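The values are calculated or read from the model by the stated rules, or taken from the named source; none is laboratory data. Predicted, not measured: the structure shown is a model, and the values here were computed from it. Using ideal geometry, Cβ is built from the backbone for each residue, glycine included, and neighbour counts are taken over all protein chains shown.
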Amino acid sequence: MTETRSALIVSHGQPSEPDPAERDLARFGTSVARALPGWHVGTATLAKPGALDAALAVAGPAPVVYPMFMTEGWFTGENLRNRLGNAPGARVLRPLGVSPDLPGLAADLIDDQIARAGWNPGETRLFLAAHGSGRSPNSARDTRAFAAALARHIALAEISVGFVEEPPYLADAATGIGERSLCLPFFAAAGGHVTDDIPEALDKADFSGLRLAPLGLAPAVPDLVARAIASDR
């Protein structure tokens, strides 16, 4: 009999209102599970009290843990490993945002949006709206690394980056980009930064380009995550 392997997808969630993010992640996990026959795929947000422990109780002592985060840092490192204390055999993969497959996926998404708009990639500017951090350089480092990798996949007029929590701030970075532009939130889910902070900043900047859904919600992301989990040895 083939033993069922376990995977656990973990995200930050929304501390102020944890249940909607928990449900959204569960739906995402269902999509990943469709591409992983023979696997148990659980989900948990760190923001919902007890969610991770409950998911670990089902997943067992040695799940493959996939962090639905866009950058590496304290949450995907020390904090997550400490909270996985009940699963001593857990193997934590690198987070979504640093996946080597993500820039190509994003390039395909952007190219499709540009074609739908009837634009030319070489005349189109991309604005990456990201989280950033006032305490650690990791978030900006990984965001800029993604932007550089993306530029190797698609030749745009410009790729610029702005942050919620550090300079260059969103509104400043988005000002004057022009009409033939796209804003792509470099976020794993549609939390408060995506639904509130980014639109507010774009309005302040008089941004007139296209506003895309966060990258983590791209239709091809569940398959990307499934491949990463399946390739773990």
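Which one of these does residue 209 not meet: (1) under 27 Å from residue 74 (Cα atoms); (2) in contact with a Leu (Cβ under 7 Å, 6 or more places away or on another chain)?
(1)
Being more than 18 Å from residue 190 (Cα to Cα), in contact with a helix residue (DSSP H, G or I) (Cβ under 8 Å, 6 or more places away or on another chain), at pLDDT 95 or above and surrounded by 16 or more Cβ atoms within 10 Å (Cβ to Cβ) narrows it down to one of 65, 10, so name that one.
65
Mind listing just one residue for me: the one in region 76-123 that is among the polar types (S, T, N, Q) and in a helix (DSSP H, G or I) and, of those, farthest from the chain's Cα centre (by Cα)?
Taking region 76-123 as the starting set, the residues that turn out to be among the polar types (S, T, N, Q) are 76, 79, 82, 86, 99, 113, 120.
Those left that are additionally in a helix (DSSP H, G or I): 76, 79, 82, 113.
Values: 76: 12, 79: 18, 82: 22, 113: 19 Å.
Looking at the filtered set, the residue picked out is 82.
Among the residues of region 130-176, how many are of a type in the set (Asp, Glu) and within 18 Å of the chain's Cα centre (by Cα)?
Of the residues in that region, 2 qualify.
Is it the case that residue 187 is within 21 Å of residue 20 (Cα to Cα) and not charged (D, E, K, R)?
yes
Give the number of residues within region 124-144 that are out of contact with any Ser or Thr (no Cβ under 6 Å at 6 or more places or on another chain) and assigned to a strand (DSSP E or B).
Of the residues in that region, 3 qualify.
Only one of these conditions is not met by residue 55: (1) in contact with a Gly (Cβ under 6 Å, 6 or more places away or on another chain); (2) among the aliphatic types (A, V, I, L, M); (3) without any contact (Cβ under 8 Å) to a residue 40 or more places away in the chain. Which number is it?
(3)
Where the second residue is modelled with pLDDT under 95 and surrounded by fewer than 19 Cβ atoms within 10 Å (Cβ to Cβ) and the first is under 26 Å from residue 164 (Cα atoms) and lies in region 102-130, which pairs have Cβ atoms under 7 Å and are six or more apart or on separate chains?
If the second residue must be modelled with pLDDT under 95 and surrounded by fewer than 19 Cβ atoms within 10 Å (Cβ to Cβ), the pairs left are 125/178.
For the list (1) in contact with a Ser or Thr (Cβ under 6 Å, 6 or more places away or on another chain); (2) more than 30 Å from residue 151 (Cβ to Cβ), I need the number of the one condition that residue 53 fails.
With respect to (1) in contact with a Ser or Thr (Cβ under 6 Å, 6 or more places away or on another chain); (2) more than 30 Å from residue 151 (Cβ to Cβ), residue 53 is out only on (1).
Quick check, is residue 201 in a helix (DSSP H, G or I) and either crowded, with 19+ Cβ neighbours inside 10 Å or on the phi > 0 side of the Ramachandran plot (or both)?
Answer is yes for this residue.
Would you check which residues across region 15-52 are assigned to a helix (DSSP H, G or I), free of Cβ contacts under 8 Å to residues at least 60 places away in the same chain and surrounded by fewer than 18 Cβ atoms within 10 Å (Cβ to Cβ) and list them?
18, 19, 20, 23, 26, 27, 30
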